[in-house]
There are 4 protein chains.
Amino acid sequence: MSHNSFGHLFRVTSWGESHGPAIGGVVDGCPAGIPLSEADIQPFLDKRRPGQSKFVTQRQEPDQVRILSGVFEGVTTGTPISLLIENQDQRSKDYGEIADRFRPGHADLAYHLKYGVRDYRGGGRSSARETAVRVAAGAIARKVLGTGVVIRGAMVAMGPLGIDRARLDWAETDRNPFFCPDPGAVPAWEEKLAATRKAGSSLGAVIELVAEGVPVGLGAPLYGKLDADLASALMSINAVKGVEIGEGFASAALDGEANADEMRMGPEGEVEFLSNHAGGILGGISTGQPIVARFAVKPTSSILTPRRSVDRFGQEVEVLTKGRHDPCVGIRAVPVGEAMLACVLADHLLRQRAQNPDAPERPRLPRN
Amino acid sequence: MSHNSFGHLFRVTSWGESHGPAIGGVVDGCPAGIPLSEADIQPFLDKRRPGQSKFVTQRQEPDQVRILSGVFEGVTTGTPISLLIENQDQRSKDYGEIADRFRPGHADLAYHLKYGVRDYRGGGRSSARETAVRVAAGAIARKVLGTGVVIRGAMVAMGPLGIDRARLDWAETDRNPFFCPDPGAVPAWEEKLAATRKAGSSLGAVIELVAEGVPVGLGAPLYGKLDADLASALMSINAVKGVEIGEGFASAALDGEANADEMRMGPEGEVEFLSNHAGGILGGISTGQPIVARFAVKPTSSILTPRRSVDRFGQEVEVLTKGRHDPCVGIRAVPVGEAMLACVLADHLLRQRAQNPDAPERPRLPRN
Amino acid sequence: MSHNSFGHLFRVTSWGESHGPAIGGVVDGCPAGIPLSEADIQPFLDKRRPGQSKFVTQRQEPDQVRILSGVFEGVTTGTPISLLIENQDQRSKDYGEIADRFRPGHADLAYHLKYGVRDYRGGGRSSARETAVRVAAGAIARKVLGTGVVIRGAMVAMGPLGIDRARLDWAETDRNPFFCPDPGAVPAWEEKLAATRKAGSSLGAVIELVAEGVPVGLGAPLYGKLDADLASALMSINAVKGVEIGEGFASAALDGEANADEMRMGPEGEVEFLSNHAGGILGGISTGQPIVARFAVKPTSSILTPRRSVDRFGQEVEVLTKGRHDPCVGIRAVPVGEAMLACVLADHLLRQRAQNPDAPERPRLPRN
Amino acid sequence: MSHNSFGHLFRVTSWGESHGPAIGGVVDGCPAGIPLSEADIQPFLDKRRPGQSKFVTQRQEPDQVRILSGVFEGVTTGTPISLLIENQDQRSKDYGEIADRFRPGHADLAYHLKYGVRDYRGGGRSSARETAVRVAAGAIARKVLGTGVVIRGAMVAMGPLGIDRARLDWAETDRNPFFCPDPGAVPAWEEKLAATRKAGSSLGAVIELVAEGVPVGLGAPLYGKLDADLASALMSINAVKGVEIGEGFASAALDGEANADEMRMGPEGEVEFLSNHAGGILGGISTGQPIVARFAVKPTSSILTPRRSVDRFGQEVEVLTKGRHDPCVGIRAVPVGEAMLACVLADHLLRQRAQNPDAPERPRLPRN
């Protein structure tokens, strides 16, 4: 990963500010011959798009993606794929008052001190708007992975409210505005977030990602471990403050007996695990079990209650954020997290092919 | 990060297996003119060295590091620094029985399926022994950062036992075999780990890292964010299953008011924060507050209780680990985590210098 | 360098095909606070633009560049700079007949065999049209280098015709359609190229680049040597078949006495060289002397004389190229070469700042 | 390529100085399961080894390579391969007088100005001794490429003396101390170099490399073109001042008709070229034709005739080099060039597998 690129062989370079003319990205290294059109990408963008319920920012953006290169007669050509999404509903006037003031919890101050200059309109480069590029790249990554790999995300905690895992149902995530997988939790979440929104406050969240059907052997230990790259990819999303794999932080409280994932032989020579504390990754390498990751999203700092801050002239001020914003930015982080997971897996699929071209994606041990 | 290297400008490449003739690494990009000798590195290696108490593996390794290049007449020359540590106490016989069997929770199976071949002696490349190279590189990174940056680590939870933060005292970490910062917690930890060891079991841990005096402006958003690179660096350590920055996962349960770090002006034009939920990083960039990170270490899978597994011939077997091992590998992860934090900071210090050479490390706002 | 990016800290990612909707690029890592607008870039694009004389392709492209990100209120912000140039005069019909046939000397066959699919319209990704992106990036690189660094290019050989170096005058390069620095050579070149064009043939060329005022100390030996990166950058330009530095291939025929650049002290403690066989680079590092490089451009393969070839169905065919093309593509390679040199220097300037921040750009030896 | 590493997927990191305890390197990304031992590497090192004839430096180095990691039970494991070669015949006293003086044409001054400090013993990091690491890595690269790829090098010009290509015979390169492929040229070369050596002077050289059997499709256009990476790799070798592919600089003097490589169909559907002006690379991609490259080596600057120079105190001095040195360093550059070509090809083989895993190495067009 460098400044604004991530991945090595499936490499995404992102650009754009919240209130510039457009945002976009370049996907380099995509294999040739993959059918691809805007229609493959748009549904994922629509899932992330603002303005879809009262629980997300009311900024109206169609988020129509255009492919400007790398696709010819409906298939990828192996050359870089340029993606462009125009900004339409910038309303710069909303944000004028924060040109000089640094919002607590925002990147405002840090960008100012690092660069000496910043595009303050709508958060500029640090705006969550950039995550649309990630989602578009993730849609291409899914095509690279193929339909055998299924990647799903869900919000498993909203502020102090969690879910009952006994009721977990992935299909449910499409039926409520929170990508919540527990239908029983939805009414309480709805009530809580409505009140939060009304109060001009905000809530954090925990997102869970699961990838099934991931080929065995992905991950380049020791420093390109699959979990290390995934940690970086998820931590790079706006407002994320923690990442864990499998049992995660809870594993610290276990003893070795409880944490071990025992193994038996499956009917066709495949290894079957009796549990998945590891979250599908051992020694930095995928084992064929579902990859499980979670990440924590802090509550957005854009709130109506005044907070003490300073401005760029060294004056002490109070700041409150009146502009459109997300009361729980974790909601829209769900498709973003899915996209980052897809990109990391696609990158490692290519890396594995390069180094170990004969390694089977679904290995079997030689039973006799 | 690629396979066995990490960092961009302060770049570490690591090599070696647990039972080969040696392990080592190459540090490339280190600035010239820095006084450096083995004596600067050895104390950090000694802190990580096995065999120092009954609570860590009894493998006896002097872990004497040799600098083979990049230093001339006591100072770095700007050319790559080659580090070599010989393996002395390999005792391959200890591990013979795991040549064919895959230990649950270990990298054995994953390496076998990915590469088709593996050095099974002592875990080979996936052994925690490799972390000595990280520690040596971290010692050089500290020299690059200078004495103004103070990096410390502590074990803040061992298995189910935590600490009382009211008693937190960094000096205490040098006075007990756990790097525990709470003297009140030590007796209970001692008792717990002694029993765990006796039972042939193991415990997980949570490590906390703090870096003070970090220059403002480190971090290359959006994908080279300081926290993203730190997440990758820490997750790449053996047995780590989770990473969090500042408030971390707990921030998900907060509302925006509680999570905001308010700001006031300090006496000399510096910005003062009234809290540090952010862990010293906003928008991926260091703010001058202490950088705070935690990571979770799972309990080692090397336990005496037999676990069900399979071997490379597809036979179902039981595995128990008789060899020397750490009942709580989290202990030795403390200096390793510190080293990774140092390396990430040194890399970003160089990156910041490159792009923003005139940005002050301790910026002041223009008060009037 | 990876697939479609080059540079490390001043990093350019390029995308686009000859007959797609647009071409463009992303410049990442540019320092913040540099005044920049389209007006800084356009003059360099205009110099490369087709259709300006009868000696270059008659394709009509205004080559208007748009900056879509990374600049705010007239200065760079340190975030990625996205550049977009629309394609306007594609005339796909001109190229229809080469959809299936592989033009000798072109990339057609190679792309077909590598990717299994290719955008054959106007050469697709392999078209010289892409070099506009390099030129735009080079204009930004010049801003990073500052006005103290002067980069110039000239065509010093066209087909079999050379120049008389006794008459070399850089100012002359702006006064003829060949960027020829020798006014005495121009009439013969004009006659030769007019005849070549009329015959539907093409000519090769040699371009010379000189950079004056380059800071001392640029270059990252051993594998990021300044000349190694420059060789790669120039060889990556379409149709380039050779690169040399300073005396270049001619140095092979010299003895050590003749090739040595002797040194004396200048009046202010600077080192003065009595000759510049080295082309300003020793051990991969800039010495403060002018950087001198040359590269050879082969004659374009697009000619009216039929050549034997094959098509993608395995049939033997004859190919002749009727479309618009450059009789001497070396002409337009002059601003492209300048741009690549600028990008390499900017990248290494940033790298030098990172590793050796206190090294003076114009060092003086301590005379007494 | 970064400071001291090259390649992306087959990545070599080199370290060491001429008079330190050892030199070495790390090869990362090598596929697993390849039989490898020191015996595979040593013959190539022996070919480069000094002291083998009166025409190369008399430094006595056995250049015995040790593999410290990455190989287990005789095969590569996919983990990094650490290579170590001890320095034995350093004789530092030979070089004492150049501690303060900058030899014209050497890297001495440049390193001093860039880093402020340098290991002056035997040229330190800039010594040709480092090329042993390249040769060792190249031997591993050849194993990755397999026996179907044959890489050969020859010296085709020594100072002002060339060869008669009508007599070119690759087998001859093993029968004379110059790797000269023309037996008719050897006596004159011998006489010339003997006189040069006696006079304490030196000569330049041109080396030609040919790789046959290279898979079709290697090269990652536009900036990871096979020829661009090859140019960088060859230019990074000590004393190299020029690189060309195929017809190279001579192509600039040709017209399009003469330069086109016409194509016909071979008996089994393969494309046959009627000439190879392109040197086996079109559009940055290998076509299956032999890859042909040449590079120019300047005469070593270490000569007995005094040259004017300066020292680090700013004093004007005269320098002559009394130590052991190569009268024609181009001789030993032959195996080094072969090794760099092998490394570039191995890297691109892995890159091609990653992106286009189904592309055949020997494609056939569908004849009917």
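Beyond 21 Å in Cα-Cα separation lie the following of the pairs D:K54/D:K322; C:K225/D:K225; B:K54/B:K198; B:K241/B:K322; B:K54/B:K322; C:K114/D:K225: B:K241/B:K322. Annotation for C:T147, label-to-label distances across the other copies: 4.5, 6.3, 6.6 nm (shortest first, one decimal, point 7 Å from Cα along Cα→Cβ). Inter-chain neighbour count for D:289-300: the average number of beta-carbon atoms from partner chains within 10 Å of each residue's beta-carbon is 4.
Quick check: at a probe of 1.4 Å, how many percent of the accessible area of the stretch C:5-355 sits on carbon and sulfur atoms?
Values: 4840 of 9750 Å².
Answer for the stretch C:5-355 is 50 percent, counting heavy atoms of protein chains only.
Ordering A:F44, A:G25, A:V71 by Cα displacement along the dipole of the stretch A:25-75 toward the positive end leaves A:F44 in first place; charges were set at the Cβ atoms of Lys, Arg (+1) and Asp, Glu (-1). Charged side chains reduced to their Cβ positions (Lys and Arg at +1, Asp and Glu at -1) give the protein assembly as shown a dipole of some 0 debye around its Cα centre. What residue among B:H325, B:T147, B:L341 has its Cα farthest toward the positive end of the dipole of chain B, where the charges are +1 on Lys, Arg and -1 on Asp, Glu, each on the Cβ? Checking the options against the dipole of chain B, the answer is B:H325.
For the rotational copy pair B/D, the chain B residue whose Cβ lies nearest the symmetry axis, together with its distance in Å, is B:T13, 2. A simple count of charges around C:H112, restricted to other residues whose Cβ falls under 9 Å of its Cβ and scoring Lys, Arg +1 and Asp, Glu -1, yields +2. When chain A is treated as a Gaussian network with alpha carbon springs shorter than 10 Å, the biggest mean-square fluctuation among A:Q42, A:Q315, A:Q352 belongs to A:Q315.
Over the whole of C:213-222, what's the average partner chain Cβ count within 10 Å per residue? Rounded to a whole number, please. Walk me through the numbers on the way to the answer.
Details: counts 0, 0, 0, 4, 7, 2, 4, 9, 13, 18.
Shielding by partners across C:213-222 averages 6.
Averaging the sequence gap over all C-alpha pairs within less than 8 Å and six or more residues apart, then dividing by the number of residues, gives the stretch D:216-325 a relative contact order of 28 percent. Legend: residues in the stretch D:114-140 shielded by at least 10 square angstrom of accessible surface upon adding the remaining protein chains to the isolated chain (1.4 Å probe, heavy atoms) are D:K114, D:Y115, D:V117, D:R118, D:D119, D:Y120, D:R121, D:R125, D:E130, D:R134. On association of chains A and B, roughly 9200 Å² of accessible area becomes buried (total for both chains; probe 1.4 Å).
When the convex hull of the Cα atoms of the protein assembly as shown is projected onto a plane and the area is averaged over all directions, what value comes out in nm²?
Working: hull surface 202.7 nm².
Over every viewing direction, the Cα hull of the protein assembly as shown projects on average to 50.7 nm².
Each part gets one Cα centre, and for the stretch D:1-46 versus the stretch A:44-72 those centres are 48 Å apart. Write down the percent of antiparallel bridges among all DSSP beta bridges whose residues are both part of the protein assembly as shown, to the nearest 5. Taking every DSSP beta bridge within the protein assembly as shown, about 100 percent pair in antiparallel fashion.
Can you give the net charge of the other residues whose Cβ lies under 13 Å from the Cβ of B:P366, counting K and R as +1 and D and E as -1? Walk me through the numbers before you get to the answer.
Values: positive: A:R312, B:R364, B:R367; negative: A:D100, A:D311, B:E268, B:E270.
Surrounding charge for B:P366 is -1.
For the stretch A:5-355, what is the relative contact order in percent, using Cα pairs closer than 8 Å and at least 6 residues apart in sequence? Result for the stretch A:5-355 is 23 percent.
Once the other residues with Cβ under 11 Å from the Cβ of C:P183 are scored (Lys, Arg +1; Asp, Glu -1), what is the net sum? Write out the running numbers ahead of the final one.
Details: positive: C:R167, C:R175; negative: C:D164, C:D169, C:E172, C:D182.
With Lys, Arg at +1 and Asp, Glu at -1, the neighbours total -2.
Among A:20-31, D:275-286, sorting by the average number of other beta carbon atoms lying within 10 angstrom of each residue, highest first, gives A:20-31, D:275-286.
Computed from point charges on the beta carbon alone (+1 for Lys and Arg, -1 for Asp and Glu), the dipole magnitude for the stretch D:5-355 about its Cα centre is near 1320 Debye. Buried on complex formation within the stretch A:23-68 (loss of at least 50 square angstrom of accessible surface versus the isolated chain, 1.4 Å probe, ligands and nucleic acids ignored): A:D28, A:L68. Toward the positive end of the charge dipole of chain A, with +1 on the Cβ of Lys and Arg and -1 on the Cβ of Asp and Glu, the farthest Cα among A:A137, A:G314, A:G200 is that of A:G314.
Between C:K54 and D:S275, what's the calculated FRET efficiency when r is the beta-carbon distance and R0 is 51 Å? Round to 0.05.
Working: r = 31 Å, r/R0 = 0.60.
After rounding, the FRET efficiency stands at 0.95.
For C:G314, the point set 7 Å out from Cα toward Cβ sits 3.9, 7.6, 8.0 nm from its twins in the other copies, listed from shortest up. Counting, for every residue in B:6-16, the Cβ atoms of other protein chains within 10 Å of its Cβ and taking the mean gives 6. Considering only B:E268, B:E190, B:E212, the Gaussian network model of chain B with Cα springs below 10 Å gives its largest mean-square fluctuation to B:E268. Can you give the angle from 0 to 90° between the axis of helix B:226-235 and the longest principal axis of chain B, with both taken from C-alpha atoms, to the nearest 10? Value to nearest ten degrees: 10. Hey, what angle do you get for helix B:330-355 against the long axis of chain B, alpha-carbon based, 0 to 90 degrees rounded to 10? Rounded to the nearest ten degrees, it is 40. At a probe radius of 1.4 angstrom, the accessible area of chain A per residue rounds to 30 square angstrom. Annotation for the stretch C:106-177 versus the stretch A:348-368: alpha-carbon center distance of 43 Å. Please tell me the relative contact order of the stretch D:1-68 in percent, rounded to the nearest whole number, where contacts are Cα pairs under 8 Å and at least six residues apart. Across the stretch D:1-68, relative contact order equals 19 percent. Distance from the alpha carbon centroid of the stretch C:256-296 to that of the stretch D:221-257 works out to 23 angstrom. Shortest first, C:D100 label-point distances to identical copies amount to 6.0, 7.0, 7.8 nm, with the label point at 7 Å from Cα along Cα→Cβ.
The values are calculated or read from the model by the stated rules, or taken from the named source; none is laboratory data. Only a predicted model underlies this, so the values are computations on that prediction, with no experimental measurement involved. A quick note on method: Cβ atoms are made from the backbone with ideal geometry, for glycine too, and the neighbour counts reach across all protein chains shown. Side chains are part of the model used for accessible areas, which takes the heavy atoms of the whole protein and leaves out ligands, DNA and RNA. Shrake-Rupley method; radii C 1.70, N 1.55, O 1.52, S 1.80 Å.
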